[in-house]
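The values are calculated or read from the model by the stated rules, or taken from the named source; none is laboratory data. Small disclaimer: the values here were computed from a predicted structure and weren't measured. So basically every Cβ, Gly included, is an ideal-geometry build from the backbone, and we count neighbours across all protein chains shown. For accessibility, only protein heavy atoms count, side chains too; no ligands or nucleic acids. Shrake-Rupley method; radii C 1.70, N 1.55, O 1.52, S 1.80 Å.
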Amino acid sequence: MNECEVLRDTAVAVVGDRIGAVGELASLREQFRDSAEIDCARGVLTPGLVDSHTHAVFGRARYDEQEMRAAGIGYMEIAARGGGIHSSVRDLRSRSEEELVSLARVRLERLASYGTTTVEVKSGYGLSVADELKTLRVIARLAHELPMRIVATFLGAHEIPLEFRESAKLRQSYVEAIVSEMMPRIASEHLASFVDVFCETGVYTISETRQILEAARQNGLQLKLHADELTSCGGAELAAEMRATSADHLAAVSDSGIKALAGSNTVATLLPGTMLFLGKESRAPARKLIEAGVPVALATDFNPGTSPTPNLPLILTLGVSQLRLSASEAMIAATVNGAAALGLADAVGQLRPGFSADLALFDMQDFRELPYWYGDRRCLGTWVRGKSCYPRHLQLS
Ligand SMILES: [Zn+2]
């Protein structure tokens, strides 16, 4: 992760939707004679950034809760006043597919404007058969409509819905609905590539998580896990054991969890924006993970409650300043490893012949400026599959 390769006076040839060659400008000019040229000399061209963890389909913003938290009002009290994740659930349930498409479209375009070309989007504010399917259809429509590459994740196990909390039996019946009703439909209608579970003390237990992930595998879906965010409850160990593609959050991962991840192919996706926004002191042990040999990815966790930032380069800043990554490690975390966290390591995240032509051009002279100019938008333009993505019709000359 500490060996980001930097090439100077280099050109990238795009052939169709892929990278055809990377090499010295004069020889590429010779090889691809009649090709149109885009001059990227004023900037740094990188693989398009990969944001591998977002909850970008939601209704209302929840800025009121930020003030409540600042005033020292606790999580339970915020929930009692109608805030928290259940307020997003009520809100999403009340909105039409059309409305959700318009809201999410604008938000995804903001993500794209910071250099992100691939984004994972989770459901999880529906928490009923109809509303989870509605959310996934919204994601599918956006994937079809927007130039960004969008990967859908089914997170019906984001929380236990309020109406299923009365008894253990009711709770189990919701898990049953995820496993037997939602998942087979989602798989047969190709509405998601991944299934994710919020495995945490007070949310989904290890055994419920295991049941849901086993069903996901039987339905041919790949696995992700919200693991060890607040308490170390064995989520990282379970992710490694179940061969999940990624284990996300990990602010409270234990040493045994790190060891389990190191012995697996599971990517550790860290979300330092969430910790910053909530004003928490704890940090994911990024250095320990990297030193143990675990591939680390960084993502925004873009969501209305705990991380409303569309700015992935800002998360790279936090990766360097708070998680003590090098600029190279942060860059790899948001490209190569972000792609690996989405099962796309052989197709996106690198400037290499045969990879998808997903590129981002930044107004800077050294890639280390990306985490340095924190909060700034330095992206001049992006391309996905060889076509301009941000701005929609890019003109560079
Ligand atoms: Zn999340």
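Right, Gly235: farther than 21 Å from Ser128 by Cβ and within 21 Å of the chain's Cα centre (by Cα) or not?
Numbers: farther than 21 Å from Ser128 by Cβ: yes; within 21 Å of the chain's Cα centre (by Cα): yes.
Judged against the criteria, Gly235 is a match.
Screening Leu230 on (1) at pLDDT below 95; (2) away from the ligand (no atom under 16 Å from the Cβ) shows it passes everything except condition (2). Only residues that are under 30 Å from Lys387 (Cα atoms) and either among the charged types (D, E, K, R) or modelled with pLDDT under 95 (or both) were counted in segment 122-180, giving 6. In the set (1) within 23 Å of Lys122 (Cα to Cα); (2) in contact with a Leu (Cβ under 9 Å, 6 or more places away or on another chain), the condition left unmet by Gln66 is number (2). Consider segment 266-279 and keep the residues that are closer than 20 Å to Gly74 by Cα and within 15 Å of the ligand (Cβ to nearest atom). The one that is most open to solvent (accessible area, probe 1.4 Å) is Leu276. Exactly one residue among Leu103, Leu49, Leu127 is surrounded by 24 or more Cβ atoms within 10 Å (Cβ to Cβ), of a type outside the set (Ser, Thr, Tyr) and more than 15 Å from the chain's Cα centre (by Cα), and that residue is Leu127. The single condition among (1) open to solvent by 70 Å² or more (accessible area, probe 1.4 Å); (2) farther than 30 Å from Ala244 by Cβ; (3) touching a strand residue (DSSP E or B) at 6+ places or on another chain (Cβ under 7 Å) that Asp17 does not satisfy is (2).
No other residue among Val89, Val57 is at pLDDT 95 or above, open to solvent by less than 40 Å² (accessible area, probe 1.4 Å) and within 19 Å of Gly202 (Cβ to Cβ) apart from Val89. Within segment 194-202, is there a residue that is within 16 Å of the ligand (Cβ to nearest atom) and under 30 Å from Gly386 (Cα atoms)? Scanning segment 194-202 turns up at least one residue that is within 16 Å of the ligand (Cβ to nearest atom) and under 30 Å from Gly386 (Cα atoms). Of the residues Val384, Val296, the single one that is within 20 Å of the chain's Cα centre (by Cα), of a type in the set (Val, Ile, Thr) and more than 19 Å from Pro147 (Cα to Cα) is Val296.
Would you be able to tell me the number of residues in segment 139-154 that are in contact (Cβ under 8 Å) with a residue 12 or more places away in the chain, assigned to a helix (DSSP H, G or I) and under 19 Å from Lys224 (Cβ atoms)? Explain how you work it out, then say what you get.
At the first step, the residues of segment 139-154 found to be in contact (Cβ under 8 Å) with a residue 12 or more places away in the chain are 139-142, 145-154.
Pick out the ones that are also assigned to a helix (DSSP H, G or I) and you get 139-142, 145.
Subset that is under 19 Å from Lys224 (Cβ atoms): 139-140.
Residues in segment 139-154 being in contact (Cβ under 8 Å) with a residue 12 or more places away in the chain, assigned to a helix (DSSP H, G or I) and under 19 Å from Lys224 (Cβ atoms): 2 in total.
When residues in segment 204-248 are screened for being open to solvent by 20 Å² or more (accessible area, probe 1.4 Å), of a type in the set (S, T, N, Q) and closer than 20 Å to Val267 by Cβ, 3 of them pass.
Residues that are away from the ligand (no atom under 16 Å from the Cβ) and hydroxyl-bearing (Ser, Thr, Tyr), at least 2 per element: which helices (runs of 4 or more DSSP H) completely within segment 299-368 meet that? I'd like the intermediate steps shown before the answer.
Details: elements: 312-321, 327-333, 336-340.
Of the helices (runs of 4 or more DSSP H) lying wholly inside segment 299-368, those with at least 2 residues that are away from the ligand (no atom under 16 Å from the Cβ) and hydroxyl-bearing (Ser, Thr, Tyr) span 312-321.
Restricting attention to segment 155-195, and to residues there that are part of a loop (DSSP other than H, G, I, E, B) and either among the charged types (D, E, K, R) or under 19 Å from the mean Cα position of the chain (by Cα) (or both), which single residue is farthest from Val129 (Cα to Cα)?
Glu166
Taking segment 10-125 as the region of interest, the strands (runs of 3 or more DSSP E) fully inside it that hold 2 or more residues being under 22 Å from Pro310 (Cα atoms), in contact (Cβ under 8 Å) with a residue 60 or more places away in the chain and not aromatic (Phe, Trp, Tyr) are 44-47, 49-51, 116-122.
Within segment 280-297, the set of residues being within 16 Å of the ligand (Cβ to nearest atom) and either under 25 Å from Arg69 (Cα atoms) or assigned to a loop (DSSP other than H, G, I, E, B) (or both) comprises Lys280, Ala284. Mind listing whichever residues of segment 155-167 are over 16 Å from Leu191 (Cβ atoms), without any contact (Cβ under 8 Å) to a residue 60 or more places away in the chain and crowded, with 18+ Cβ neighbours inside 10 Å? Correct list: Ile160, Phe164.
Yes/no matrix, rows are residues, columns are (1) touching a Leu at 6+ places or on another chain (Cβ under 7 Å); (2) over 30 Å from Phe164 (Cα atoms):
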position: Asp196; (1), (2): yes, no
position: Gly202; (1), (2): no, no
position: Asp228; (1), (2): yes, no
position: Val267; (1), (2): no, yes
position: Gly273; (1), (2): yes, yes
